[in-house]
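The values are calculated or read from the model by the stated rules, or taken from the named source; none is laboratory data. Worth saying up front: this structure is predicted, and the values here are computed from it rather than measured. Backbone-built Cβ (ideal geometry, glycine too); neighbour counts: all protein chains shown.
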Amino acid sequence: MTYFEALIVAIIEGLTEFLPVSSTGHMIITTALLGIKSTPFVKLFTVAIQLGAILSVVVLYFKHFFKKINFYIKLIIAFIPAAVIGVLFGDMIDRALENLFGVAVALFLGGIVLLVIDNFFKKPFIHNEEEIKNITALKIGVFQCLALFPGVSRSASTIIGGMAQKLTRKAAAEFSFFLAVPTMAAATFKKCYDFYKEGISINQNEIKLLLFGNLIAFIVALLAIKTFIGILNKYGFKWFGVYRIIIGGILIALYLMKISIEIV
């Protein structure tokens, strides 16, 4: 992996991690388009740079992470369903990461959902994290399990899950950001552990690439989060749905025309 390739992948991660468009799906598409070989380091890189993105949440919502213990209890409760499913079906999920057509279909169908979702879940009454009960956090965590299939979007599934529990768009989006911290951190540490367990070493240049990628993802995610909240409050999910349908539709059309984009 070159620094230019690392820059592009990290920008995509920072832009899409907290948007309802699937960061994993976009990184799969990006690495495929750039012709980046799916080496153990590349797989580690695409997961590890999520740490930079989630650090942006800690920085932007600094005060929230120094609240009462109940804040962390709710995050742990919401995190448990995806953690359990991830452990039980980890191999199946890894195989799904190689299926670009599956990502395309998930993007397209998810876009249709986002087009109509603004017409549901009206009259929300939970306006901030403090009002979220433990059982509500658990239900949002169940929705997060949908995102274990690449292309669905962790952000979209948790925000929709929050809105289904009567959270406002802003409250649902912010809780989705908070939940990303333990979820993405756990995924990164697991990938690093697997990397270590397999006895694979990384050289000095690869360490620099990881640091570089995390820095870029952090800076871009800071801007993306602020922009996303404003767009969500003003326009809802409509334009994210349109975007997903266009990207997913193009990929599906390429597949049907037998024009393949290889994951190498």
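Looking at (1) within 25 Å of P81 (Cβ to Cβ); (2) under 16 Å from the mean Cα position of the chain (by Cα), find the lone condition where V220 falls short.
In the conditions (1) within 25 Å of P81 (Cβ to Cβ); (2) under 16 Å from the mean Cα position of the chain (by Cα), V220 misses (1) alone.
Please enumerate the residues belonging to region 138-151 that are at pLDDT 85 or above and surrounded by 23 or more Cβ atoms within 10 Å (Cβ to Cβ).
If the condition is that a residue be at pLDDT 85 or above and surrounded by 23 or more Cβ atoms within 10 Å (Cβ to Cβ), then I140, G141, F143, Q144 are the ones that fit.
Are any of the residues in region 164-172 in contact with a Ser or Thr (Cβ under 8 Å, 6 or more places away or on another chain), surrounded by fewer than 16 Cβ atoms within 10 Å (Cβ to Cβ) and not hydrophobic (A, V, I, L, M, F, W, C)?
There is no residue in region 164-172 that is in contact with a Ser or Thr (Cβ under 8 Å, 6 or more places away or on another chain), surrounded by fewer than 16 Cβ atoms within 10 Å (Cβ to Cβ) and not hydrophobic (A, V, I, L, M, F, W, C).
Given (1) modelled with pLDDT under 80; (2) surrounded by 15 or more Cβ atoms within 10 Å (Cβ to Cβ); (3) of a type in the set (D, E, K, R), identify the lone condition not met by D94.
Among (1) modelled with pLDDT under 80; (2) surrounded by 15 or more Cβ atoms within 10 Å (Cβ to Cβ); (3) of a type in the set (D, E, K, R), D94 violates only (2).
Mind checking which helices (runs of 4 or more DSSP H) fall wholly inside region 167-262 and carry at least 1 residues that are farther than 30 Å from Y72 by Cβ and not basic (K, R)?
Output list reads 204-235, 238-256.
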